[in-house]
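A short write-up of the structure that comes next.
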Amino acid sequence: MAVPRHKHTRSKVGKSRMHKYIKFAHLNVCPKCKKPVLSHTACLNCGFYKGKEVINVLGELTKKDKKIREKQIKEAEKSQKKESPLTMEGLSQK
Ligand SMILES: [Zn+2]
């Protein structure tokens, strides 16, 4: 069995373990429903990936949940449409 040559102080142990911790996952925002999504994965809220529907999310829900989810998606789309690109007229009004 290996025997340590010198005693490691708590400080040294702490310093070597400084980078051993759980890091936050980098999340992107779904362009359709604006929910946080892991990169390179389909959105579990709306089932879209790269602008195409990959998962039929609404098909697996109950009638009540389906209505709520459809409402959320519509609201997200509405808020997306309101954000129009900047124009010179819009900037001058601000
Ligand atoms: Zn989504």
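Below, the figures for the structure above:
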read-out	value
Acute angle (nearest 10 degrees) that the helix 63-82 long axis makes with the longest principal axis of the chain, alpha-carbon atoms	80 degrees
Solvent exposure ordering (accessible area, 1.4 Å, most first) of 58, 27, 44	44, 27, 58
GluC sites (Glu not before Pro) within the stretch 7-85, DSSP loop, no more than 14 other Cβ atoms inside 10 Å	83
Highest-MSF residue in the chain out of 37, 13, 57 [GNM, Cα springs under 10 Å]	13
GNM result for the chain, Cα springs below 10 Å: residue of 22, 55, 73 fluctuating most strongly	22
Bins of 5 Å, starting at 0 and running to the largest distance - Cα pair percent for the stretch 26-81	4, 21, 28, 26, 16, 5, 0
Distance cut-off 20 Å, percentage of C-alpha pairs in the chain lying past it	62 percent
Neighbour-limited loop hits for chymotrypsin sites (Phe, Trp or Tyr not before Pro), the chain (at most 14 other Cβ within 10 Å; DSSP other than H, G, I, E, B)	21, 24
In the stretch 1-68, trypsin sites (Lys or Arg not before Pro) in a DSSP loop with at most 10 other beta-carbon atoms within 10 Å	5, 7, 17, 20, 23, 50
Listed pairs 23/74; 50/78; 23/71; 20/74 exceeding 31 Å between Cα atoms	23/74; 23/71; 20/74
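The values are calculated or read from the model by the stated rules, or taken from the named source; none is laboratory data. Quick caveat: nothing in here was measured; it's all calculated off a predicted structure. Backbone-built Cβ (ideal geometry, glycine too); neighbour counts: all protein chains shown. The area values use the complete protein model at the heavy-atom level, side chains included, leaving out ligands, DNA and RNA. Shrake-Rupley method; radii C 1.70, N 1.55, O 1.52, S 1.80 Å.
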